[in-house]
1. Out of all the residues in segment 5-17, is one or more under 14 Å from V132 (Cβ atoms), open to solvent by 20 Å² or more (accessible area, probe 1.4 Å) and part of a loop (DSSP other than H, G, I, E, B)?
2. When you check S277 against the structure, is it surrounded by fewer than 24 Cβ atoms within 10 Å (Cβ to Cβ), modelled with pLDDT of 75 or more and outside the structural domain of T762 (by the TED database), yes or no?
3. Do any residues in segment 550-562 that are under 12 Å from D641 (Cβ atoms) have Cβ atoms under 9 Å from those of residues that are open to solvent by 50 Å² or more (accessible area, probe 1.4 Å), where the two are at least six apart or on different chains, and which pairs are they?
4. Only residues in segment 682-698 that are open to solvent by 60 Å² or more (accessible area, probe 1.4 Å) and assigned to a loop (DSSP other than H, G, I, E, B) count as the first member; pair them with residues that are of a type in the set (A, V, I, L, M) and modelled with pLDDT of 85 or more, Cβ under 7 angstrom, at least 6 apart or cross-chain, and list the lot.
5. Restricting to segment 390-409, name every residue that is of a type outside the set (S, T, N, Q) and in contact (Cβ under 8 Å) with a residue 12 or more places away in the chain.
6. Got a sec? Which of K470, K503 is at pLDDT 90 or above and among the basic types (K, R)?
7. For segment 125-139, which residues satisfy the criterion of being surrounded by 15 or more Cβ atoms within 10 Å (Cβ to Cβ) and either of a type in the set (F, W, Y) or modelled with pLDDT under 65 (or both)?
8. Answer yes if at least one residue in segment 410-423 is part of a helix (DSSP H, G or I) and open to solvent by 50 Å² or more (accessible area, probe 1.4 Å), and no otherwise.
Amino acid sequence: MTSRLLSDARRFILRCLSMHKGGHCCTIFTSISEVAHSTYPDSPLGPDAFHEYQSLLLQDYEELIENSDLKSGQLVDSNTKGNLTLEDEGWSRFTSNEDVPSLEASSAGKNQYGDSPRQGMVDLGQKPIVSVHHFPMILSPISPRVFVLPSEGSIAEACLSSEHEDSISAGLPSLSTGLPSDVDEVPPAATLTAHFLYHLAAKMDLKMEIFSLGDLSKTIGKILTDMSSLYDVGRRKRTVGLLLIDRTLDLLTPCCHGDSLVDRIFSALPRKERTSSSASIKCSQAQLKPGPSSLARASLEVQIPIGEVLTKEDFEIDDSGLSNGIEAFRCGWDSYNSASEMVDLISLSKKASDEKFFPAELLQGSLVSTETFKGTPYLEAILDRKTKDGAILVKKWLQETLRRENMTTDVKTRPGFASKLELKTMIKALTKSQSSLIRNRGIIQLASATLRALDESCSARWDAFISAEKILSVNAGDTSQSLAAQISDLINKSAFAGSDGKKSGKKELSQGLLSFQDALLLTITGYILAGENFPTSGSGGPFSWQEEHFLKEAILDAILENPSVARLKFLHGLTQELEANLNKTKSDVTKETSTDELNIDDFDDDQWGKWGDEDEDEENDNKEQEYDDMQLKLELRDRVDNLFKYLHKLSSLKSKKGPLGLESNLSSDPYANKGLLYKLLTKILGKFDVPGLEYHSSTVGRLFKSGFGRFGLGQAKPSLADQNLILVFVVGGINGVEVQEAQEALSESGRPDIELVLGGTTFLTPDDMLDLLLGESSYI
C-alpha cells in the first residue's frame, strides 16, 4: 500500500519481491488513481497506467532474478548496486543485497520471460501474478474530523505552483490575483489533489457541491467539476459542501505562534527522519523544466521521548528477560541481513547482560498509534484546547487512569493548574509495570508530549515569539516608523545574542532568546502586518525608503555576525566567504589586542631596517583584503535587496486578496486577531455574501442554467450554509489554531446540525513556514 506514484514506489516493491521469491501473487494498492498517473507530468506511464506498470514490474523482476542467478554464491559488491542506495532509502537494516534495474534499463521489447537457468533458487513454477488497484482512502487523520495528506506521499510533495511573477514557494499556491492566469500549465499538485478529493467523496458515497476561494482552488474546482459525470450527479447521494481555500490568502496565521497545545507539541518534538524523498531522486535526474518538480515536506510523525521522562530506577522490570527478548526480536527482524550486521546484535546482547540495560531509546511514542485507537479520543479533545486548558485536561485524564489502576502518587495537585512536576510524577506511576505501560500507552504518550511542550527549553522560545508578535501587532496599529523600528530592534537583538553565544563558546542560545532566523520569520510577519495596515509607499513596499534602509543595514550586519544562516536560499554560495570574514574579524581583534601589549623596547636596532619592506607587503595584503571585503558586502547587498523585493511581494497579499472583502465587515474587536478561516466560516454560516467565492456548477447544473433556464426551469445557486456536511480543504496546509477557530465559528453560528470536517495538504508549524518562504522550495 502506497501513497506515492507507482514509478516512485517501484524500487521498494521490487525489493519486497526479491526478499520473498517464493511468492506467487503481488497486490499493490495506490492512493493515486490511474487517470492521475497518466496526467501527471513526471510519470512515465500512459493512459493504461496500471496495466503498463504490471508489465514493467514483471520485466524488472525477471531481470532481477536473472542477475541474482548470475551472482549466486558470490558476494555482491556494494559498488555495483546501480542507482539504488539502500542506506539513503532508510532500508539498509531491513533488506537483502539485491540489484534493482533502473526503469530506463529494462528493455520493453526484449523477451524477459524466456527459459533461463535458475541455479540455487526456489523454483517459482510461474511468474508472480501482479495486480494494481486504486485505494483512495490513504490519508493522515489527526482526529475523526481533521485530516492532512501523508507527508511523504506524492500529493503532498507535488509542487503547488511553478516559478513566475506571482508565486512565492513551490509548497504554497501562487498569490491570488482574481485575473486569468498567464501560466497555462496546471501545477502537478492541482491535478493530484482534485483526483484525491473526487475519489474520497466517491468512496464515502457523497455528492459534492464545490465552492472555491483563490486562484489555485478555482483550478482544482474546475478539474473536479469536469470529472463529475451525469451518472454521478443524478444518483441519490448525501450532499457535501466542499470549500477549497488557497493557503496564500492567509499566511499570517501559520507564521504566528498561537495559543494551541497541539501546535506547541508539533513544534517541540523531534520528527521521524525522512527516507530519501523523490525530490532528491528527481533532482539527480536531468530535467529541462525550471524549478523543482517536487519538494520535501517535514514528516508528520513526531517522536515522543518517553524514555527521557523515566530513569533506570523508575523502570522496574526484569533485566535478563528484557535483554533476551530484545535479542530474539532483533535476530528475527534482521534474519535477511548479512553476517557482519549480526555482530551488532551480539554486542547488544552482551551489553544487556553485562550491565543494567535501560531501554530509553526503545520508548519512542507517537501521537497517532497504528496498533491502538485508544489515543484517538484524547488527541481529538485537545485539538480544540488552548495550551493551559489542554494541559489541565491531560492532567485530568492521568488522574482518572491512576484511579482506574488503583495507583496513588505523593505529589500534591492544585485544581485548575497543571504543573510539569505533577504530570511527570503521574507518568512515572503509570509506567511502573509493563502491563500498565501497554494498557495506558495512549495517555502516557500524550502526557509525555505535553510535558515536553511545557518544558522551559521549548516554551520559553514559543512565549518569546508570542510577546514579539503582540508587540508587532500593536505597532502595526500605530505608525510605519514604530513598526520598522521594532523589527529592526528584534533583528539587532537576535544578531547580538547569536554572536555573543559564539564568543562564549555556547552552541545554543539562552532560553527565551530568539535566533536571527527567528527574527527573519518575525520580519515576514511584520511585513504582512504592514501590508494590511499601511498604504504602499513610492518604494514599492509598505515602509518609506529611509525606514527600509535601516532594516537592510540591520539584516546585513546580522548576516555578517551569523554566517550559519547561509543555508537559507537567498544566501546560497556565500557560506565559506561569510565564515572566513567572521574568522578574519575575530583574528584582527586578537592581533590588535596583542599589538597593544607589545613593548617598543623589545625590538632590536637591526630590525628597523626591515620594516620598510614589511610595511609595503602588509599594505598590499590589506588592499587585497579590503577589495575582497568590499566585494563580499556588495554581493550581500544584492542578496538582501532581493530578500526585500520578496518581502514586498508578501506585503502585497491584502491588495491581491482585496476582492474578498472579509476585513471590511469583520474588523470589530472580536474578530481582530482571528484568522481567515474563522472569518470566512462566520460569514458563510451567517449566510452573508463572500466576494470572490466561486460556485462550480455540475454538469446537470450547467445544462439547466444554459438550456432549460430560459423556460423557467433553472436551479437556484446552492449555499454552503444549506449543507449539513461541510468539508473545508486548505490547499497548502493547516495548523492547530485554525482547527480551534473553525470549531469556534461553528459553535457561535448556532448550527449544531452541521458536521464540519477540516483537511489540508499538510500540518504546518511556524518553522515549516520559514522553510517554505526562505528555504529550498522558496522562489525568492
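1. Checked segment 5-17: no residue is under 14 Å from V132 (Cβ atoms), open to solvent by 20 Å² or more (accessible area, probe 1.4 Å) and part of a loop (DSSP other than H, G, I, E, B).
2. Details: surrounded by fewer than 24 Cβ atoms within 10 Å (Cβ to Cβ): yes; modelled with pLDDT of 75 or more: no; outside the structural domain of T762 (by the TED database): yes.
No, not satisfied.
3. Qualifying pairs under 9 Å: K552/R637; K552/D641; L556/K633; L556/R637.
4. Partner pairs satisfying both residue conditions: K687/A721.
5. First, pick out the residues of segment 390-409 that are of a type outside the set (S, T, N, Q): 390-398, 400, 402-405, 407.
Matches in segment 390-409: G390, A391, I392, L393, V394, K395, W397, L398, L402, E405, M407.
6. Numbers: K503 fails: at pLDDT 90 or above.
Just a single option satisfies the conditions, and that option is K470.
7. Just the residues of segment 125-139 that are surrounded by 15 or more Cβ atoms within 10 Å (Cβ to Cβ), to begin with: 128, 130, 132, 134-136, 138-139.
Passing the criteria: only F135.
8. Scanning segment 410-423, I find at least one residue that is part of a helix (DSSP H, G or I) and open to solvent by 50 Å² or more (accessible area, probe 1.4 Å), so the answer is yes.
The values are calculated or read from the model by the stated rules, or taken from the named source; none is laboratory data. Every value quoted in this text rests on a predicted model; they were computed, and no experiment measured them. So basically every Cβ, Gly included, is an ideal-geometry build from the backbone, and we count neighbours across all protein chains shown. These area figures cover heavy atoms from the full protein model, side chains too; ligands, DNA and RNA do not enter into them. Shrake-Rupley method; radii C 1.70, N 1.55, O 1.52, S 1.80 Å.
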